[in-house]
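Student: Supplied in structure tokens, the structure appears directly below.
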Amino acid sequence: ESLQKTPGLILSYSLAGMPYVTCDIGGFNGNTTALLLTRWYFLGVFIPIMRIHSTLDATPHFPFLWPKPYADAMRIALNLRYALIPYHYSLTYKMRQDGRLVIRPVFARYPNYPLTTQVFLDGDILVAPVLHESGNISLLLPNTTKSWFSLNSSSLYTPGTTVSVVNASLPTSFLAFVPAGTIIVFAPPAQSTDDLLKQISNSSSPAALQVQIYDGANATFTLFEDDGISTAYIDDTDFRTVIFDYNCLQRTLHLSVNSTNISTDFPLYQTFIVELFEYASSSSPSSTNTKKKSVITKGPFPILDGTTVAF
């Protein structure tokens, strides 16, 4: 019951002006089950703060204290959360700039979407977590002019259709989609933020930013980077923005880099690898997986002002 209420509570707090809100993953009222805890982990991937918490009289909610396959699935969720660090950090910058919430109800972007607290937007990602043990889940895709990609996939779905999963497996305890014309950025695999910063600053082999482009329309994303510690950004100093601008017709990605009065030394991404999930414009997507188009991978390329990648 607590798990099922969590998305609605987070959306309510966000709309009330408290965007940095979280939940006690696993609950705070006695023991949960391994399956529900795993479902909770995957919900935590897409909320503002992912916090694992428990009472003193319950089994702590750490993966190594739970049996397989649940522990392995929890680690998958944690790895995905770490991968989304640059994405979420950039969304918080955008929220400061224009007030757009990181986590929003679907109707905030798609006004005709039914009122629900079981589905929400994490930036541009449409998320439907599994909130019960059965693993059965359905997601109505907004009826837009753009088709929808399954996250991290070239599978396309028709707007306005319902996607259903029966008995969702542990590593896929959620449905997540992005509209055509979306850019998502991912960090390389890391065990902590300190580990991530060390990888980025490795002089001999710096870790590359992963950039995913979902084809079918023009797309843009602004990456925000600072030292992660100070509040210098309040004075508009010591940060860098990188605008990734994809032109669908020309099939090119162009970078615009702006370093604002950087006076301190902190790790910045030096290179990026890009994946283009091609749009199946010649086929008619159905409510289930359509013919999978190719994924074009290129790079690494330098993160410099004016860098252009052609596909």
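The values are calculated or read from the model by the stated rules, or taken from the named source; none is laboratory data. Not measured: the values here are computed from a predicted model. Because the Cβ atoms are built from the backbone with ideal geometry, glycine has one as well, and the counts that use them run over all protein chains shown. Surface accessibility is based on the protein's heavy atoms, side chains included, excluding ligands, DNA and RNA. Shrake-Rupley method; radii C 1.70, N 1.55, O 1.52, S 1.80 Å.
Student: On the basis of being touching an Asp or Glu at 6+ places or on another chain (Cβ under 9 Å) and in contact (Cβ under 8 Å) with a residue 40 or more places away in the chain, does Ser147 make the cut?
Tutor: Details: touching an Asp or Glu at 6+ places or on another chain (Cβ under 9 Å): no; in contact (Cβ under 8 Å) with a residue 40 or more places away in the chain: yes.
No.
Student: Is it the case that Ile200 is crowded, with 19+ Cβ neighbours inside 10 Å and of a type in the set (Val, Ile, Thr)? Talk me through it step by step, then tell me what you get.
Tutor: On the way: crowded, with 19+ Cβ neighbours inside 10 Å: yes; of a type in the set (Val, Ile, Thr): yes.
Spelling it out, Ile200 is indeed crowded, with 19+ Cβ neighbours inside 10 Å and of a type in the set (Val, Ile, Thr).
Student: Still on this structure, please answer the following. Kindly provide the set of residues from the range 28-59 that are part of a loop (DSSP other than H, G, I, E, B) and in contact with a Leu (Cβ under 7 Å, 6 or more places away or on another chain), ordered by number. Show your work before the answer.
Tutor: Within the range 28-59, the subset part of a loop (DSSP other than H, G, I, E, B) is 28-33, 45-51, 53-59.
Once the filter is applied, which keeps residues that are part of a loop (DSSP other than H, G, I, E, B) and in contact with a Leu (Cβ under 7 Å, 6 or more places away or on another chain), the range 28-59 yields Val45, Thr59.
Student: Which residues, taken from the range 78-104, are within 15 Å of Asp124 (Cβ to Cβ) and of a type in the set (A, V, I, L, M, F, W, C)?
Tutor: Leu84, Leu91, Met95, Leu101, Val102, Ile103
Student: What is the number of the single condition among (1) farther than 30 Å from Asp236 by Cβ; (2) buried (at least 17 other Cβ atoms within 10 Å of the Cβ) that Ser134 does not meet?
Tutor: (2)
Student: Since Thr231 meets every condition but one in (1) under 19 Å from Met95 (Cβ atoms); (2) in contact (Cβ under 8 Å) with a residue 12 or more places away in the chain; (3) surrounded by fewer than 16 Cβ atoms within 10 Å (Cβ to Cβ); (4) hydroxyl-bearing (Ser, Thr, Tyr), which condition does it not meet?
Tutor: Among (1) under 19 Å from Met95 (Cβ atoms); (2) in contact (Cβ under 8 Å) with a residue 12 or more places away in the chain; (3) surrounded by fewer than 16 Cβ atoms within 10 Å (Cβ to Cβ); (4) hydroxyl-bearing (Ser, Thr, Tyr), the lone unmet condition for Thr231 is (2).
Student: Filter the range 11-47 for residues that are of a type in the set (A, V, I, L, M), under 21 Å from the mean Cα position of the chain (by Cα) and more than 14 Å from Ala128 (Cα to Cα); which is surrounded by the fewest Cβ atoms within 10 Å (Cβ to Cβ)? Walk me through how you get there before you give the answer.
Tutor: Step one: list which residues in the range 11-47 are of a type in the set (A, V, I, L, M), which gives 11, 15-16, 18, 21, 25, 34-37, 43, 45, 47.
Now drop any that are not under 21 Å from the mean Cα position of the chain (by Cα), which leaves 11, 15, 18, 21, 25, 37, 43, 45, 47.
Within this subset, residues satisfying the condition of being more than 14 Å from Ala128 (Cα to Cα) are 15, 18, 21, 25, 37.
On the way: Leu15: 14, Met18: 11, Val21: 16, Ile25: 25, Leu37: 24.
The selected residue is Met18.
Student: On to the next question. Filter the range 286-301 down to residues that are of a type in the set (Lys, Arg) and in a loop (DSSP other than H, G, I, E, B) and give me whichever is modelled with the lowest pLDDT. Write out each step before concluding.
Tutor: Step one: list which residues in the range 286-301 are of a type in the set (Lys, Arg), which gives 291-293, 298.
Next, from what is left, pick out any that are in a loop (DSSP other than H, G, I, E, B): 291-293.
Working: Lys291: 47, Lys292: 54, Lys293: 63.
It comes out as Lys291.
Student: A further question follows. Failed condition for Ile76, given (1) under 20 Å from the mean Cα position of the chain (by Cα); (2) open to solvent by less than 50 Å² (accessible area, probe 1.4 Å), with all others met?
Tutor: (2)
Student: Let me ask something else. Out of all the residues in the range 116-166, which are among the polar types (S, T, N, Q) and not in a loop (DSSP other than H, G, I, E, B)? Quick ask: steps written out before the conclusion?
Tutor: Just the residues of the range 116-166 that are among the polar types (S, T, N, Q), to begin with: 116-118, 134, 136, 138, 143-145, 147, 150, 152-155, 158, 161-162, 164.
Within the range 116-166, Ser138, Ser150, Thr162, Ser164 meet the criteria.
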